[in-house]
Amino acid sequence: MKASKLPISVLDLMPVLDGKTAADTYVNSLHLAQQVEQAGYTRYWLAEHHNMESVASAATSVLIGHIAGGTDTIRVGSGGIMLPNHAPLVIAEQFGTLASLYPHRIDLGLGRAPGTDQVTAAALRRNISNGGDFVREIQELTTYLSAENQTGKVRAIPGEGLDIPIWILGSSTDSALLAAALGLPYAFAAHFAPTYLHEAIRLYRQRFRPSVHLSQPYVMPCVNVIAADTTTNAQHIATTFYQLAMGIITGKRRKMQPPIDTMEGVWSAQEEAAIRQMMTYSFIGDAATIEHQLRGFLDATGADELMVVSHIYHPEDKLRSYRILADLALEQAQ
């Protein structure tokens, strides 16, 4: 069986560093996007979050334009837009505008979670009482983006008939079944919700129905990677990630913290266990360690593409991690 180089992409959660502002984040993210583009990465995605001091990506569509405008070839998109927060027509128009400005470079990844707490979801005017509308909203969105909607009473201009690939994002078997039924590519959030990864991929491939969008299943799991020149240094850098996860586990979120000497005395045994479980698909170490671990992961999942998020405090360390990953000889089975 022949193999080719595995496409690798970046998920940027746009973290706000301790002592810095959202404006600093935007500068750092654009620089990172420019560098990973040069290193050969396939996509650069941003995720919609709200009411989080540590995350600066609330206006996701605006930031996609910022990144796409400062790069030349890398695909830029959402990982994802939380569609129930928005009118489908608005998203069709926003991404139609982006695709008009940056042709054949824009991806539209869709999720159903609010990307925030329930109070903020209500403030976003999200109908939190009926999550079952997600399928209808996707169908409405795809109608607006289709060339066949030219005779519709409501049209997305720009947007109608443009090349805007839609992805389904998720962390459960429900999202896998939906992506399979719609014949769309599937991105799984293994970086924070590892439990159903293998079952979701199995169901997606088993139930996949070819569509006008995609002839065969296409899976892109997202994982955590922290690579450094030595494993000791990678483990030190990873304490930023551990502190971030602590905020998620305890509900005490704060801006991204610099690495510390040890987590002893910072987390309890129970908190450490919960974080380790959440970080099941986290690959931390030097180049040889990362390559060995990822080869096993790719063999187990048969991933068509890999998306990586790296929770690293210092921008130079983050860029080094992505460069190490880009230089690995990871292959995609054909």
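Rule-based calculations on the coordinates, nothing more; no lab input. Treat the numbers as computed from the prediction; the structure is a model and nothing was measured. Cβ coordinates were reconstructed from backbone atoms using ideal geometry, including for glycine residues, and neighbour counts include every protein chain displayed.
Values computed for the structure shown
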item: For A58, distant residues with modelled amide H under 5 Å away; result: H49
item: Cα-based helix-to-principal-axis angle, 287-301 vs the chain, degrees rounded to 10; result: 40 degrees
item: Residue-wise HN-Hα coupling along the range 306-315, computed from phi with Karplus coefficients 6.51, -1.76, 1.60 (Hz; x: Gly, Pro); result: 10, 10, 10, 10, 10, 7, 10, 6, 7, x
item: Summed side-chain charge close to A227 - residues other than A227 whose Cβ falls under 15 Å, Lys, Arg +1, Asp, Glu -1; result: -2
item: Size of charge dipole - the range 1-164 - debye, nearest 20, with Cβ of Lys, Arg +1 and Asp, Glu -1, no other charges; result: 300 debye
item: Share, in percent, of DSSP beta bridges within the range 1-164 that are antiparallel, nearest 5; result: 10 percent
item: Reach of K20 by Cα under 25 Å, taken over lysines that are not fewer than 8 positions away in the same chain; result: K252, K255, K318
item: Along the chain, longest interval not containing exposed trypsin sites (Lys or Arg not before Pro), exposed being DSSP loop plus at most 10 other Cβ atoms within 10 Å; result: 3-124
item: Nonlocal amide H pairs with G183, under 5 Å, H built at 1.01 Å; result: R209
item: Loop GluC sites (Glu not before Pro), the range 1-82 (other Cβ atoms within 10 Å of the site Cβ: 15 or fewer; DSSP); result: E53
item: HN-Hα J in Hz across the range 220-228 - Karplus 6.51, -1.76, 1.60, θ = phi - 60°, x for Gly and Pro; result: 10, x, 10, 10, 8, 9, 10, 10, 8
item: HN-Hα J in Hz across the range 7-20 - Karplus 6.51, -1.76, 1.60, θ = phi - 60°, x for Gly and Pro; result: x, 10, 10, 10, 9, 10, 7, 6, x, 9, 6, 4, x, 10
item: Interchain or long-range residues, amide H under 5 Å from I106's placed H; result: V76
item: Environment charge of T289, counting only residues whose C-beta is closer than 12 Å and scoring Lys/Arg +1, Asp/Glu -1; result: -2
item: Net charge dipole size for the chain [Lys, Arg +1 and Asp, Glu -1 on Cβ; Debye, nearest 20]; result: 640 debye
item: Directionally averaged shadow of the chain, computed from the convex hull of its alpha-carbon atoms, nm²; result: 16.8 nm²
item: Helix-only CD estimate at 222 nm, as mean residue ellipticity for the chain, using -39500 (n - 2.57) per DSSP H run (n ≥ 4); result: -12500 deg cm²/dmol
item: Beta bridges by DSSP in the chain, antiparallel share as percent, to the nearest 5; result: 10 percent
